[in-house]
1. Tell me which of 295, 395, 243 sits at the most positive position along the dipole axis of the chain, charges placed on C-beta atoms (Lys, Arg +1; Asp, Glu -1).
2. Can you tell me the mean projection area, over all orientations, of the convex hull of segment 340-408's alpha carbons? Units nm², please.
3. Relative contact order of the chain: what whole-number percent is it, with Cα pairs under 8 angstrom and at least 6 residues apart?
4. Can you work out the Karplus-derived ³J(HN,Hα) for every residue in segment 268-275? Use 6.51 cos²θ - 1.76 cosθ + 1.60 with θ = phi - 60°, whole Hz, and x for glycine or proline.
5. Taking 0.36 nm per residue of sequence separation and subtracting the Cα-Cα distance, how much length would be gained by fully extending the chain between residue 578 and residue 495, in nm to one decimal?
6. Using label points projected 7 Å from each Cα along Cα→Cβ, tell me how many nm separate residue 662 and residue 453, to one decimal.
7. For a Förster distance of 45 Å, can you work out the FRET efficiency between the beta-carbons of residue 430 and residue 23, rounded to the nearest 0.05?
8. Please report the orientation-averaged projected area of segment 551-622, defined via the convex hull of its C-alpha atoms, in nm².
Amino acid sequence: MIDPITLEVLREAFVSIVREMRVTLVRTAYSSILYEGEDFSCVLMDGHAQIVAMSRGQDHPLHIVPIGWSVKAVREKFGEDIHPGDIFLHNDPYTGGTHLNDVAMIYPLFGPDGDLFVFPVVRAHWGDVGGMSPGSLSGRATEIFQEGVRIPPIKIADRGRPNQAALDLIFSNMRGPRERRGDFQAMLGTCRKASERIDELIARYGAATIRAAVAELMDRAEGRMRRAIRGLREGEYVYEAHLEAGTDRLEPLTVRAKVVVAGDTITVDLAGTSPQTAGPTNVGPAMAPTGAFTIIKSFLGPGADVNSGAFRPLTVITPPGTIVNADPPAPCGGMVEVKYCVESAVMGALAQALDGKVAGDLKGGGNHCYVGGPHPRTGETFIFYEYPAGGTGGFEGGDGSNTVRTWTESDMTTLQPIEAVEQLYPVRIERTALREDSGGPGRWRGGLGLTREVLIQTAGTQLSVLAEKCVLPPFGVCGGGSGATNRFWVRRDGQRVEPSPLPGKVSGFPLEPGDVLVMDSSGGGGFGDALERDPSGVVADVLEGYVTPAAAEAVYGVVLHEGAPDTGATGARRAELRAARLRIRVVAGAGLDATRGREVRLSSDAAGRLGVAPGAVVELVNPRGAPLRAWVASLTALHAAAADGAAVAELAPVALRMLAVADGAEVEVRAVHTGVLKV
């Protein structure tokens, strides 16, 4: 039994080591994506592939949580052939990696008894790992070989001796090898510094005390999580979220989550999720559990430390051959996007157990935007990588935040500093601003996205984009409205040019000197009815430039007169907007997809009022949780209006479960996308 003071000292020591690792890497890395963008994470692991400590709020869960799979992959491959001085690299998505750009360095340390001890791991985003386009991530990849060099668990140093041949092979297949080698050395130095600190702890406290502290911290995290789960309403909850995929046209994909709360455990079953796709919107086995754990931890224990003990009450089932557990050679560049979708699906299901204590949806992915080509000064390939943050969702009691990293991410940089970008790359930042009217309307508004305009100054440059929520916007909750979609486009000679027929999926689009790349990130979804927002809050938003006067009246129903709300006109406008909303009676229909809830049959009159046709997307509002998005399967005039005048729509029975409403209930319906998307 370890005494509480020593336990707390060691807990803080572990976190301090991780923080020092972060500082070391920032100060020694070669690429701006690491020293400016901070797209990396550090962690301490133990010999059982358990997370011991990470830096709360700074390290990214999507980097850290899969490290357990990476360490297990090393143990399975090398068995007892792991010795002091060995160092491993890994980025393979199918054995615990994220996407190929995220390279993990595993630096095993051994205790005095010769057993694997607490040891450091760094996972860092390398700016390029080869593949079909500069930066490696591409919205048009159809197999993983197009995304770069796949590194299975490999011993990059054997008992302290570098495997130079393997390193030469790896770096020879990457653009910008000088940066890649520099970042590798920075990661190596970071791990060495951490190993020194761990040796100091062993010398002061002894290996047995440190192991006892690790075990106790794990048990405490487990206990906290189990107590939080017991506070939920037991039951089985289902929800679906959607992704925008395809190669030649948009073909939506679905993540379906069944969340079972039983006693002090939660099981997340992703059966019914779409099969793996030919595009990059797939993940290996580690990412869906990462997303499920992240969202559950965020809601049930946001302030507590993260270690593997908190995972023990959680089981995640990921069917092989689906987008949440893809088989080779499916590309996995869009792993952030799939993880976000899992989070949205799990949050939508949990909303029923949390009685609406949820937040509006988020920007939907990494917003990976690459500009690359020959640098006019050096002739080497430059890679300008931006991943603009968006707004966070509104929540009960508060608006979302503007253009910050979301609460499921780390404290990464929102954007790289203008001075650093213009010093390193042949581009000029023309404009960076908050994007007005982008936050989802609601009683509590979603946070705003941003606009950044980048002037291209050299020839031979290419643009690649991998992003989500470019067609289907982040949803609002509890009656809140959607945030604006992400948009990535080019202004050429004053004209708008779309770099791809598939929004958010761009690969090697040729840019010309004088082109302006426009990055518009999405806003967060709103919370609650926008017509219930305090008019003074709407006026403040207008004065800040967050909401335009036109949107104040059209969306919030607030009529301004000389900068102040006109009380009488506002009341009349809000009554008019309420009366214009379409409420519809939902009934269980035969012949609809019984496994997925995304089909709806609308009566012709309802479709006419919404301005939608078969193939369009509508949203059925859930006043106590996340809305159900459904594709219009067909129109019919057979449904007579109900006695009270309500129009009628048919849904699959599972869809009624997702909305948590009874057969025959009346709900509000909205148009989300009036174009035709393949179902």
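1. 243
2. Hull-based average projected area comes out at 5.9 nm².
3. Contact order relative to length: 12 percent.
4. 10, 10, 9, 4, x, 6, 4, x
5. My answer for the length gained is 26.1 nm.
6. Reported label-point gap for residue 662 and residue 453 is 5.6 nm.
7. About 0.85, to the nearest 0.05.
8. The directionally averaged projection comes out at 6.6 nm².
Here, each number is a calculation from the coordinates, and none is a lab measurement. Not measured: the values here are computed from a predicted model. Using ideal geometry, Cβ is built from the backbone for each residue, glycine included, and neighbour counts are taken over all protein chains shown.
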